[in-house]
Amino acid sequence: MEKKQEGFSQLAITLLNHYDGAYYVDINTGHYTALVPYKAFKKLGVPFTGDDFYSDSVKFLSKCVHPNDLESIKKISDKNTIIQALAKSDVYSHIFRMIIDEKIVHMKRSLLLCPDTAHAICCLENIEDDFAKKEEQKKNLESAERMARFDELTGVRNKNAFKEYSESIDDKIKSGEKNFSFGLILCDMNDLKLMNDTRGHNFGDEAIQRASRIICNIFTHSPVFRIGGDEFVVILSGEDYKNRKKLLEKLMNESLENKKARSGPVIAAGMSVYKPDSDKSFSRVFNRADKLMYKNKKELKSIFINRLSKDTDKIDVPITDERKRQLDAIFGALCTVSDGGYVYLNDLRYDFSRWSFSLVTDFSMPSEYMYQADKLWEENIHPDDFKVYREAIDMVLYNSDAHLLPLKYRARKADGTYVLLTTRGFVLSDKDGDPEYFGGIIVPL
């Protein structure tokens with residue numbers, strides 16, 4: 001007896017270092033003895049020893065086990081279930097939640113079969129720290145996987161996700177799966193490079209985000225992917241697939257309105273639909289949409305260029321007195337907010353401008369009133385700055401945003417020296433959205 005008790009003591013010390021509680025159980029009779037009493041059980045009145053391990057497990061654990069885990073505790077504490085489990089394996093383990101001091105704690109209970117196969121040691125282990133670490137690792141892994149598949153700037157899926165998605169579609173196409181259909185819309189935002197070059201990358205990023213929101217708000221039932229700087233792909237499914245023509249028309253109309261209003265991104269788009277009889281790969285569908293998108297892109301670019309060139313036919317027609325009075329009125333309003341800067345204003349219908357007298361004098365321009373003043377002014381632009389200047393002006397005149405952020409360039413003064421200037425320009429459009437006036441303020445730096 002003393003030898004047996006000594007063995008129990010040594011075992012208890014070993015278990016104490018690894019477990020929060022340990023009980024020696026007779027598998028057949030259910031008699032049990034605590035080797036390492038679990039402290040939390042003292043409050044519940046769990047005895048040091050007992051005659052029915054199986055019913056006592058359910059009785060006392062029911063007082064502290066999380067309600068959602070109670071049914072599973074009853075099942076895993078069943079005598080026949082435990083005996084059958086230990087007959088197959090020397091270890092029978094399960095995880096459940098306990099409520100200790102009003103806190104949820106994850107516990108692991110393991111029954112270890114003894115060498116005599118008639119007894120088992122039931123060990124209790126608080127694994128909350130390990131569980132929390134695993135949950136944190138899981139979250140980090142999910143976060144890393146999300147970052148690998150989602151675009152950081154817009155929040156939509158990225159090129160990696162698109163590759164995986166398109167490959168899964170390819171597998172379906174090659175397998176000959178029936179009743180399989182999808183559509184594809186390829187979108188491209190106009191003039192991103194010009195925006196980045198003339199307005200800065202922050203402005204370009206904001207435009208990309210706005211374009212993404214427009215696409216996502218229209219195609220609410222389909223995955224959206226950003227596959228390039230300004231390129232997006234929508235894989236049409238569900239209701240979006242059924243209503244694809246209507247939704248594409250909505251996207252194109254919104255882009256056109258943004259173009260007219262000179263505010264908001266202008267998105268070119270092309271759509272194609274999977275044809276089971278002829279499309280042997282996803283790329284065939286993609287390439288058709290790509291061609292249609294570029295066709296739409298050219299159409300959008302030409303719309304306002306043509307409208308503007310339509311008005312330039314009137315260059316040789318003298319400006320009317322009424323239009324000149326309107327020009328002077330707007331010019332006067334600009335002068336009141338110029339804060340000492342040079343003011344210029346051009347009537348685009350007649351290509352007739354009025355410039356500040358100080359600007360005319362300082363840069364040796366012909367007059368305060370001029371036809372084709374832009375060509376005269378460009379003669380003063382430093383050759384190294386001309387490209388940036390011209391692209392910025394073209395963007396304001398022909399593209400989607402009505403305002404030009406401060407543009408810095410050098411211009412030659414009357415004495416032949418160059419001075420650094422900053423220009424803020426704008427366009428006023430008529431009721432049809434056609435550019436009517438172009439003006440701004442030039443400030444020496």
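The values are calculated or read from the model by the stated rules, or taken from the named source; none is laboratory data. Note that the structure is predicted; figures quoted are calculated from it, not measured. Ligands, DNA and RNA are excluded from the accessible area calculation, which covers all protein heavy atoms including side chains. Shrake-Rupley method; radii C 1.70, N 1.55, O 1.52, S 1.80 Å.
Taking Lys295 as the anchor, which lysines have their alpha carbon closer than 20 Å to its alpha carbon, excluding any fewer than eight residues away along the same chain?
Once the sequence-local lysines are set aside, what remains near Lys295 is Lys193, Lys245, Lys246, Lys250, Lys259, Lys260.
For Rg/Rh (Cα atoms, Kirkwood Rh), the choices are [x] 1.08; [y] 0.98; [z] 1.32; which was calculated from the structure?
Answer by label: [z].
With N set to the residue count of the range 29-125, report its C-alpha Rg divided by 2.2 N^0.38 Å to two decimal places.
1.04
Roughly what angle does helix 282-311 make with the longest principal axis of the chain, taking Cα atoms, 0 to 90 degrees, to the nearest 10?
30
Quick one: angle between helix 79-88 and the longest Cα principal axis of the chain, in degrees between 0 and 90, rounded to 10, please.
80
I'd like the orientation of helix 244-261 relative to the chain: the angle between its Cα long axis and the longest Cα principal axis, in ° from 0 to 90, rounded to 10.
Relative to the chain, helix 244-261 is tipped by roughly 50 degrees.
Equivalent-ellipsoid semi-axes (√(5λ), Cα gyration tensor) for the range 346-445, whole Å, largest first? Each step should come with its number before you reach the end.
Values: eigenvalues 103, 52, 23 Å².
After diagonalising the Cα gyration tensor, the semi-axes are 23, 16, 11 Å.
At 1.4 Å probe size, with the rest of the protein present, what percent of the exposed accessible area of the chain is carbon and sulfur atoms? The partial results should precede the final answer.
Values: 12460 of 24140 Å².
Looking at the chain in its full context, I get 52 percent from C and S.
In a Gaussian network model over the chain where Cα atoms closer than 10 Å are linked, find which of Ile73, Ile381, Ile173 has the largest mean-square fluctuation.
Ile73
Once you keep just the Cα pairs under 8 angstrom separated by 6 or more residues, what percentage relative contact order results for the range 35-130?
Worked out over the range 35-130, it gives 19 percent.
Give the relative contact order (percent, whole number) for the chain; include only Cα pairs under 8 Å separated by 6+ residues.
On the way: 707 pairs, mean separation 43.7, N = 445.
RCO, the chain: 10 percent.
Count the lysine pairs in the range 75-146 that are 8 or more places apart or on different chains: how many have C-alpha atoms under 19 angstrom apart?
Working: Lys75/Lys88; Lys75/Lys108; Lys79/Lys88; Lys79/Lys108; Lys103/Lys133; Lys103/Lys134; Lys108/Lys133; Lys108/Lys134.
Lysine pairs satisfying the spacing and distance rule in the range 75-146 number 8.
Consider all pairwise Cα distances in the range 152-205 and report the whole-number % of them above 13 Å.
Working: 1055 of 1431 pairs.
Value for the range 152-205 (Cα pairs over 13 Å): 74 percent.
Is the shape of the range 108-234 best called rounded, prolate or oblate, per the rule: a/c under 1.5 gives rounded, else a/b larger than b/c gives prolate, else oblate, with a ≥ b ≥ c the square roots of the Cα gyration tensor eigenvalues? Could the numbers behind the result be given before it?
Numbers: a/c = 4.57, a/b = 2.07, b/c = 2.21.
Judged from the Cα gyration tensor, the range 108-234 comes out oblate (a/c at least 1.5, b/c at or above a/b).
Per residue, how many Å² of accessible area does the chain show with a 1.4 Å probe?
Working: 24140 Å² over 445 residues.
For the chain, the per-residue accessible area is 54 Å².
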